Structure formats: C-alpha cells, structure tokens
Amino acid sequence: MLVASLKRPSPKKILDLACGSGDVSLLLQKNFPTAEVIALDFCRPLLERAKARGVRQTVEGDALNLPFPGQTMDAVTLAFGLRNFADRPKGLSEIHRVLQPGGIFALLEFSPPPFPWKFFWNFYLFHFMPWVAQLLTRHGDSFRYLARSISEFPAPSALCHELHEAGLKLLFTRSMSLGLVRLTVCRKLP
Ligand SMILES: C[S@@+](CC[C@H](N)C(=O)[O-])C[C@H]1O[C@@H](n2cnc3c(N)ncnc32)[C@H](O)[C@@H]1O
C-alpha cells in the first residue's frame, strides 16, 4: 500500500529514508524500474546489507541533516524510522526541504491503538514481548526500548498536526495490521 500511494504520478526520483537493510527500497526499485531510488541510513552495516541484497544506490547520512539540495525528490518514503529520530520536527523539515513542491511523503509507522485495545497492546508490548524476547534471545531490553518508542509516538491527530506544521498536507491515512501500523500519505504544499 505504501508503494501504491506513490503511483500517481509515477515518481522519477525517490528517497527511502532510514532504509535499514533495504526492504522498502527493494520494493520501490521493483515497482518503479525506471526511477532513481536512493536508500539512506546512518548505519553502515545495514547499508552494506541493503547493497548486498540488490539496492542499487545507498547513501550513508543523517536524516536530520540530509546531504541533498532542496526540491530534488519527487517522493520520500520512511518506514518504521520516524519513531527513532532524535528530533522529529527537524526530520520532517528536512523531508519538506528535499521534496519538490507537490512531492509525496509516505510514512509507515507503528501506531498505538485507541482505548480499550491500548490496554492489551501495552500489556503485550511492555510485558509479554520483552519476556519472550528475554527467554529466546536474552535481548529483553531492546524490546523494552521498542515498546517505549512505540507508546511515546504521537497519536494520529497529533502527528497530522506536526506534519502540517512542517508544511506537509495530509492526503490520507490508513490503519493497517489490526490498527497497529498506520500509513500516512502527505503532499508538499506548492
Ligand atoms: C526499524 S529500522 C527500519 C528500517 C527499514 N525502513 C524497514 O522498514 O525495514 C529504523 C532505521 O532507522 C535508521 N535511523 C534512525 N534514525 C536515523 C537518522 N537520524 N538518520 C538515518 N537513519 C536513521 C536506523 O539506522 C534503522 O536502520
């Protein structure tokens, strides 16, 4: 659905921010074979893995200080990365800066479900998941960090306000995976 949200008009230059090991970049390359897809992350080992998996163009860089001139991207994608940004408004303003006027920003991120599901979700995130992770991998703390970052992420209405403040106009937002993940698609105002 993230890829479909970029299809009209078909972008020529796409930046996949916080690309990790390249899942989204690979999908973009496959769906937009003539487009230039740039995969950016600040973690070199993940970029090397992305390259080994077939991502053609990787850039080591910080999403909070993008190494690109303004108004150069037709679309920016960001999957499960905004939650980890040390300065979210700065990250959003950088996305706005590099987008062409009318360019699309497609964001995929965890989204805490509303009450009463939030209660079960919090139990699963903060107790059950770290407990299982500790048993299986001895990395319960990493899952506690994940739980905290998900629960501290703004609710959809607050996020829309932040996007608006950054000059990104909401086109649509869609809840996915039983409401645990949300796709948010915006356009840079001309
Ligand atoms: C959960 S991973 C998501 C990876 C990928 N987008 C995916 O969906 O599989 C989050 C990624 O964000 C990257 N990241 C976090 N903050 C960043 C920043 N300021 N600049 C660049 N990359 C960042 C991390 O290195 C990590 O690869």
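The values are calculated or read from the model by the stated rules, or taken from the named source; none is laboratory data. Values in this document were obtained by computation on a predicted structure and should not be read as measured data. Positions of Cβ are generated from backbone atoms using ideal geometry, with glycine treated the same way; all protein chains shown enter the neighbour counts.
Scanning the stretch 78-125 for residues that are in a helix (DSSP H, G or I) and polar (S, T, N, Q), we see that the one that is modelled with the lowest pLDDT is N122.
Within the stretch 65-77, at least one residue is assigned to a loop (DSSP other than H, G, I, E, B), farther than 27 Å from E152 by Cβ and in contact (Cβ under 8 Å) with a residue 40 or more places away in the chain. The numbered conditions (1) within 10 Å of the ligand (Cβ to nearest atom); (2) among the aliphatic types (A, V, I, L, M); (3) assigned to a loop (DSSP other than H, G, I, E, B) are all true for L46 except (3).
Residues in the stretch 1-34 that are part of a strand (DSSP E or B) and among the acidic types (D, E): how many? Residues that pass the stated criteria total 1.
Scan the stretch 92-116 for residues that are within 11 Å of the ligand (Cβ to nearest atom) and touching a residue at least 60 places away in the same chain (Cβ under 8 Å) and jot them down.
Initial filter on the stretch 92-116 (within 11 Å of the ligand (Cβ to nearest atom)): 94, 107-110.
L107, L108, E109, F110, listed by residue number.
For the stretch 24-49, taking the residues that are surrounded by fewer than 16 Cβ atoms within 10 Å (Cβ to Cβ) and within 16 Å of the chain's Cα centre (by Cα), the one that is nearest to L92 (Cα to Cα) is identified as F42.
Go through the residues of the stretch 38-51 one by one and say whether even a single one is of a type in the set (F, W, Y) and under 24 Å from G102 (Cα atoms). So far as the stretch 38-51 goes, no, none of its residues is of a type in the set (F, W, Y) and under 24 Å from G102 (Cα atoms).
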